[in-house]
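Have a look at the structure below before the remarks.
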Amino acid sequence: MENKQKLHLIGNAHLDPVWLWRWQEGFAEIKATFQSVLDRMNEFPEFVFTSACAAYYLWVEENAPEMFAEIKQRVAEGRWGIAGGQWIQPDCNIPSGESFARHGLYSQRYFLEKFGKTAKVGYNVDSFGHNGMMPQLIKKSGMDFYVFMRPGDGEKKLPGNLFWWESSDGSRLLTFKIPFSYGHYYSSDKTAEPAEYYKLLATCDIAEDQDIPFMGFYGVGNHGGGPTIATLKSIRRLQEVYGEGRFVHSSPEAYFEEVSKMNLPLPVVKEDLQHHASGCYAAQSETKALNRKAEHRLLTAEKFSCLAQTLLGLDYPVNPIKKAWQNVMFNQFHDIMGGCCIKVAYDDARESYGEALQIGAESLNAALQKISWAIDTSCDFPLERNKEKDWKLWEVGDRGTPLVVFNPLSWDVKAPIQVNKTLKGISDADGNVYEIQAVRGPQTNGAADKWDTLFTGTIPAMGYKVFWIYRDKVLVSDKVLASDKVLVSDKVLVSDKVLASDKVLVSEEIFASIKAEDTALENAFIRLEFDAETGHIKRLFDKQNGLDVFTGCGAVPVVIDETDSDTWAHGIFSFRNAVGTFGDASLMLLEKGPLRARLRVTSRYQNSVLQQDFILYKDRPEIDVSVKLDWREQHKMLKLSFPVHVA
């Protein structure tokens, strides 16, 4: 072999903490693998090892401090490379941007505290796809380089194994795609040497073809293991034949530092690196839902915990929040998040997310309680609230009960607010009266508890608004006063612009902005029509632009046969083998009022039942859909088809 290009040998052990085993087994395997690596370092002074994932190091530090001390020594020597800068190797499509930021924050901080350095190379060698904003996320986490392996050559064509990967904001990473595999997997007819011996030779051939230095990864992986004695001896034989300068024990950081100085004319890729195993993105929906719920709850808890600490001196829950984020980040591991682990592993993930969600709930409640109790809601009345009038509301006479609504977002939000009580009136601190609607509540404790009260309020960004709710007092503003037809009540509170009277009549015109029929919903923005037999959307008409949104029926539940697909959907890039659609529908108008209407469409396919609640609000152009599916099919998937009228 006449090889002019250097091959950087990257000793590693791909460690799935969870996959076809539970995290407890992964824990043990990480300890065993790290110990094996330390043993090999004693036996082979030239050997260099690389490992990512801060979570693994934390496990070892807490459970085997003597081993951790030895690892620290090897890191200081430069023989143990730190990579990744993330808590584990996450799925790179499903986690939120905030989660990626937390991976960088907690992991790089840990590496800096324990090893005196941070990772310089992003390292997601087994993740199934990589969203196009990863260059920005990795760059802002303190890393300039990236290593990946999937998608494979047959799944996405790239201009080479070494290229600049650029996100839409202009952030760039020098990126390397691992050829063949990150571990010991390689198919060869030759058996005189370990398989990795021939894989490294084949990698050299690719380096020659592309005329650039390359990295060659070796080491038993997935269930850990790392470089074996046999492989390390075979590398010595390679060096004897081809020279130590051609096969060099190295690390990804050393490789990138070297090629960065060469000013190579490398291509630029400005798109997602997608994707391997498309089936994973629809598998194990419960875990994906728990992930998103936990992300939002923890972020909201932190925002209000910061405010409660700054404004009122409440202790910030530093350690509980940190622990909760560690749980979330761990469960974003690509096999867990990708839905391809064994069932009992998802029992563990459910428990872990449960702990994170509970921590978030406790922290958020403490902060909101502290802030809300600091708001002056006395309205110049003496504080004499009691429950003589109602067993749920703290209301004296007709003074009302204060209701504080918070908004954790960085923009004002106009949103529907549902109060767990039947009310007659709602206003704010400025005396503005709010339109209300009785809606069915989720709870039941006798007939009186089946109904809630809905209203729409605007909550300021990162703030709150105080509303006043009244059990018996009807509030009428000048905007709803009128003329002729609908009798509201003989017990009213009117604004200063309205002449008081014993009875106030309200025009039907105020309800005209939303219409609800047995098979259609309509407001000022859209008209939504359904087929009574199939339950499909027959027409969605955009009234503002005068356009039909669909070219045919929409929200059509299409049943797809997936008999030929495994969990990952290896080699399958589309699912279009339709074998039927849901039909035999029944439609029921559940809510009809001045603020919103709800139409329930229940349809069936063999033994499965799909329930969709289409919800339309008076002043919103979008449609909310609440879906409940009782799925009884085997080797089938369900898609909703929307033939959108766009080019």
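The values are calculated or read from the model by the stated rules, or taken from the named source; none is laboratory data. Note that the coordinates shown come from a computational prediction; the quantities given were computed from them, not determined experimentally. All Cβ positions, even for glycine, are placed from backbone atoms using ideal geometry, and neighbour counts span all protein chains on display. All accessible areas refer to the heavy atoms of the entire protein, side chains included, with ligands and DNA or RNA removed. Shrake-Rupley method; radii C 1.70, N 1.55, O 1.52, S 1.80 Å.
Would you please state which residues of region 225-260 a label at LYS117 would reach in this model, taking the label point 7 Å out along Cα→Cβ and a backbone N cut-off of under 16 Å? Under cut-off, by backbone N: 249-259.
Sparse packing (at most 10 other Cβ atoms within 10 Å of the Cβ) combined with a DSSP loop state is found for the following chymotrypsin sites (Phe, Trp or Tyr not before Pro) in region 538-633: PHE573.
Available extension along the chain between GLU529 and ASN420 is 36.1 nm, counting 0.36 nm per residue and deducting the alpha carbon span. The order of ARG22, ARG297, ARG440 by accessible area, most exposed first and with a 1.4 Å probe, is ARG440, ARG22, ARG297. What FRET efficiency, computed as 1/(1 + (r/R0)^6) with R0 = 51 Å and r the Cβ-Cβ distance, is obtained for MET67 and ASP205, rounded to the nearest 0.05? That pair, MET67 with ASP205, gives E of 0.85. Hull volume per residue, based on the alpha-carbon atoms of the chain and their convex hull, is 203 Å³. Ordered from highest to lowest accessible area with the whole protein assembly present and a 1.4 Å probe, TRP451, TRP468 read as TRP451, TRP468. Measuring against 18 Å, Cα to Cα, the residue pairs LYS543/LYS639; LYS31/LYS117; LYS465/LYS592; LYS392/LYS450; LYS156/LYS270; LYS389/LYS421 contain LYS543/LYS639; LYS31/LYS117; LYS465/LYS592 as the ones spanning a longer distance.
Evaluating 6.51 cos²θ - 1.76 cosθ + 1.60 at θ = phi - 60° for every residue in region 234-243, the Karplus couplings come out as 5, 5, 4, 5, 4, 5, 5, 7, 10, x Hz, glycine and proline recorded as x.
Nearest 500 deg cm²/dmol is fine: what mean residue ellipticity at 222 nm does the chain get from its DSSP H runs of n ≥ 4 alone, each adding -39,500 (n - 2.57), divided by its residue count?
Computed mean residue ellipticity for the chain: -9500 deg cm²/dmol.
The chymotrypsin sites (Phe, Trp or Tyr not before Pro) found in region 367-423 that occupy coil by DSSP, while having at most 10 further C-beta atoms within 10 Å, are TRP391, TRP411. Can you tell me, using C-alpha contacts under 8 Å and at least 6 residues apart, the relative contact order of the chain as a whole percent? Reported relative contact order: 11 percent. Could you look at the chain and say what percent of its accessible area is carbon and sulfur, using a 1.4 Å probe and all protein chains? Exposed carbon and sulfur together represent 51 percent of the surface. Against the longest alpha carbon principal axis of the chain, how many degrees, from 0 to 90 and to the nearest 10, is the axis of helix 285-312 turned? The two axes meet at around 70 degrees. Qualifying GluC sites (Glu not before Pro) in region 197-256, where qualification requires a DSSP coil assignment and no more than 14 other C-beta atoms within 10 Å, comprise GLU244. State whether region 352-397 is rounded, prolate or oblate according to the following rule on the C-alpha gyration tensor (a ≥ b ≥ c being the square roots of its eigenvalues): a/c under 1.5 gives rounded; otherwise a/b larger than b/c gives prolate, and the remaining case gives oblate. Since a/c reaches 1.5 but b/c is at least a/b, the shape of region 352-397 is classed as oblate. Each residue of region 334-341 is assigned a 3J(HN,Hα), and the resulting list reads 4, 6, 5, 5, x, x, 10, 8 Hz, derived from the Karplus form 6.51 cos²θ - 1.76 cosθ + 1.60 (θ = phi - 60°), x at Gly and Pro. Each pair of Cα atoms in region 368-469 enters the Kirkwood radius, and Stokes-Einstein at 37 °C and 0.692 mPa s then converts it into a translational diffusion coefficient of 222 µm²/s. Figure legend: label point modelled 7 angstrom from the Cα of TYR464 along Cα→Cβ; residues of region 361-391 with amide N under 14 Å from it are 364-378. Taking PHE115, PHE333 and ordering them by how much accessible surface each has at a 1.4 Å probe, largest first, produces PHE115, PHE333. Note on LYS4: lysines with a C-alpha under 25 Å away, same-chain residues under 8 apart excluded, are LYS177, LYS190, LYS199, LYS233, LYS261. Look at where the Cα atoms of region 302-329 and of region 138-183 average out, and the two centres are 35 Å apart. For an R0 of 45 angstrom, estimate the FRET efficiency from the Cβ-Cβ distance between ARG632 and TRP411 and round to the nearest 0.05. Efficiency, rounded to the nearest 0.05: 0.60. Were the residues from GLU257 through ALA429 laid out at 0.36 nm apart, the gain over their Cα-Cα distance would be 55.7 nm.
Measure out, as a whole number of angstrom, how far apart the alpha-carbon centroids of region 453-474 and region 581-619 sit. Computed from Cα coordinates, the inter-centre distance equals 28 Å.
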